[in-house]
Amino acid sequence: MFCPRSGFRGFTLVELLIVIAIIALLIGTLVPALGRSRASAQQIACASSIRQLVLAVALYAHDHDDHAPPGASQFQTRNLHRWHGSRPTIADPFTPAGAPITPYLDDSAATSAALRACPTFKPTLDALNTAHTGFERSCGGYAYNNAFLGADRAQRTPGVWTIRTDRHGSRLSRFRAPASAVAFTDGAFAADTLIEYSFIEPRFWPHMPGARTDPSTHFRHLKSATVAWLDAHITTETMTHTQSSGLYTADPAELDIGWFGPDDNSLFQYE
């Protein structure tokens, strides 16, 4: 005959509810930590990719009389070329094939595209590609210092820099402090929504001192941006300023887009 053990009893409802509450509390504590760990891992991967981009600039310059890759060659006349890609017509998206930087990323358009897909920004890239929206598709979420590095400028009057040519970039030797000159950052643009954008806009238009640009540095890694400097060292920076020109409907501040550093163009230009 079966005889139950003396003193045995099951969980009461109150005890069960307490256990469930403890488990829920542990989950609530762990999930944000796991999210931060994942974000940190993505930022590390992003830093590796953006460093390869600035190293590719140095390799390109070695083969092209010290000139950096052009950011947007023949922009005013053809508008078919970017540092990150080319396209047959202005109605087509850019693809890595034919880009000046691609041969310096393992000479592979596929590898080039993969390097430029920031893991944190990839869901946005996928949504833009599905919707066929965004006017700078294929840079993968990284932005180039086209204002001074990707074009050759001359100082016409103090503080006024006009483009001499955009068929090649500036000579690297013009940047007297490469450790303080921005080459690439995480980039995006606030248009009618968040879109891909391939240029880091400085605080002011180089040819119009005092006239502000719309920002394009994207602080998407736990409110920070990955920055590759011209000497190839990498830092993370936090936003110090943002504003909107009013020309676009989206608010840069709400999308974590702005600037870092001093309120001038000193991190972008030659001196």
Exercise. For Pro209, what is the net charge nearby, where nearby means another residue's Cβ is under 11 Å from its Cβ and Lys, Arg count +1, Asp, Glu -1?
Worked result: +1
For this session: Send over a whole-number figure in Å² for the accessible area per residue of segment 160-206, probe 1.4 Å.
Result: 38 Å²
Exercise. Using 7 Å Cα-to-Cβ label points, what is the Arg38/Thr249 separation (nm, one decimal)?
Worked result: 3.0 nm
Seminar exercise, completed: The extension gain from Arg156 to Thr12, computed as 0.36 nm times the residue separation minus the Cα-Cα distance, is 43.5 nm
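Starting with the highest mean, order 63-74, 184-195, 46-57 by the number of other Cβ atoms within 10 Å, averaged over the residues of each peptide. Kindly include the intermediate steps, with their values, before the conclusion.
Details: 63-74: 19.0, 184-195: 22.8, 46-57: 20.6.
Top to bottom by mean Cβ count within 10 Å: 184-195, 46-57, 63-74.
Let's test the formula: R0 of 25 Å, r as the Cβ-Cβ distance of Ile234 and Thr89. What FRET efficiency results, to the nearest 0.05?
Numbers: r = 36 Å, r/R0 = 1.44.
Plugging the Cβ-Cβ distance into 1/(1 + (r/R0)^6) gives 0.10.
The values are calculated or read from the model by the stated rules, or taken from the named source; none is laboratory data. Worth saying up front: this structure is predicted, and the values here are computed from it rather than measured. Note: ideal-geometry Cβ built from the backbone for every residue, glycine included; neighbour counts use all protein chains shown. Remember, those area values only see protein heavy atoms, side chains included, never the ligands or the DNA or RNA. Shrake-Rupley method; radii C 1.70, N 1.55, O 1.52, S 1.80 Å.
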